[in-house]
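One structure, as structure tokens, below. Some questions next.
Derivation of every value follows stated rules applied to the coordinates shown; laboratory data play no part. Since the structure is predicted, the reported quantities are computational estimates derived from the model, not experimental observations. Using ideal geometry, Cβ is built from the backbone for each residue, glycine included, and neighbour counts are taken over all protein chains shown.
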Amino acid sequence: MRSSQVAIVFALSAAVCIALGAVIRQRAAARTADTPDSPAVMGGLLRSPDWWLGTLVGVGGFAFQAAALGRGALMLVQPLLVLSLLFVLPLGAWLNGRSVSARDWAWALALTAGIAILVVVGDPRPGRPHAEALHWVIVGLVSVPLFTAALLGARAWPGPRQAVLLGVSSGALFGLAAVLVKGVVSTADRGANAVLFSAETYALIIVGLTATVVQQYSYRAGSLHASFPAATVVEPVVVGALGFLALGEYLDVDVALVALLVAALITVAVATVALAQDKSADAAPAHRGPPRRTPLRDAPSRSRGDNS
């Protein structure tokens, strides 16, 4: 079996694990009685065996992703991970005891067709496993101001726009983390000491933790309808750009097929947003807080002797 075929198998396995882990964690979160902003929510989840099971499955998905990136190009692996949205459909329906709508299946078919065209027709070719120092300097000069502007904008615009900006930021950071994962996996071939003394290892830890924190803030800022689709669409875009510009990856395709690939990319983006919104609706059940008490000044007046 060719390396690219092995990478596809690992990437699809990662997508399944990501989907299953997300559904399990979301079900665990739905059973917490606290309000979404309550500090006790995380404590409740840490005491939930289901949440830990979902987290363990998610870690397995990351391991499969790393294995896939060790065998194939970023442009091959990352689009396949978007299929996690496709796998969420039957998994979420099965665990929540509901059926999948015809609309969802239509978007799922569109997503599958778009990714199949990108992978088969585009024929992504691997490049270098590591970016040069100059490339990282350019990435830093471009990304740091954009990231800072996004955070300042998110602070100035609370609500849905804040969730979108933070979602875009977390998606971009996760895309950057994928590039670093590929470098760390390649370094692992030289032994544990090489990984320990690699700058990419520590950059991956910092970027990964920052991405996770920003993602959690995006979830708290507003509905997942706003943040999750933004992150899901931005991540493969950032990965594709860095794979092409920093690692030298490319799509081996004739000029005549470029229009087909552009159409496939647009289809994947639109279908991803549609499916992510449906997934978010299931992931964020409405919280019914304690009943509002009518202020005393608004309550109907009653005389002290009225006991009727």
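Using per-residue counts of other Cβ atoms within 10 Å, averaged over each peptide, order 107-113, 82-88 from highest down. Don't skip to the end; give the middle numbers.
Working: 107-113: 18.1, 82-88: 23.4.
In descending order of packing, they fall as 82-88, 107-113.
Roughly how many debye, to the nearest 20, is the charge dipole of region 127-248 about its Cα centre, given +1 on each Lys and Arg Cβ, -1 on each Asp and Glu Cβ, and no other charges?
240 debye
Could you sort 61-67, 260-266 so that the peptide with the highest average Cβ count within 10 Å comes first and the rest follow in order? Please list the in-between numbers first.
Details: 61-67: 19.3, 260-266: 15.1.
Going from most to least packed, we get 61-67, 260-266.
If you don't mind, there's one more thing I want to ask. Just to check I understand the Karplus step: with θ = phi - 60° and J = 6.51 cos²θ - 1.76 cosθ + 1.60, what whole-Hz values come out for region 261-268, glycine and proline as x?
5, 5, 4, 5, 5, 5, 4, 4
Based on the alpha-carbon set only, what is the convex hull volume of region 131-192 divided per residue, in Å³?
Working: hull volume 5.1 nm³, N = 62.
In region 131-192, the Cα hull volume divided by residue count equals 82 Å³.
Between Tyr250 and residues 5 or more places away or on another chain, which pairs have amide H atoms under 5 Å apart, with H built 1.01 Å from N, and which residues are they?
The answer is Arg125.
Show me the ranking of peptides 158-169, 204-215 by mean Cβ neighbours inside 10 Å, starting with the highest. Intermediate values should be presented prior to the final figure.
Numbers: 158-169: 21.5, 204-215: 17.0.
By packing density, highest mean first, the sequence is 158-169, 204-215.
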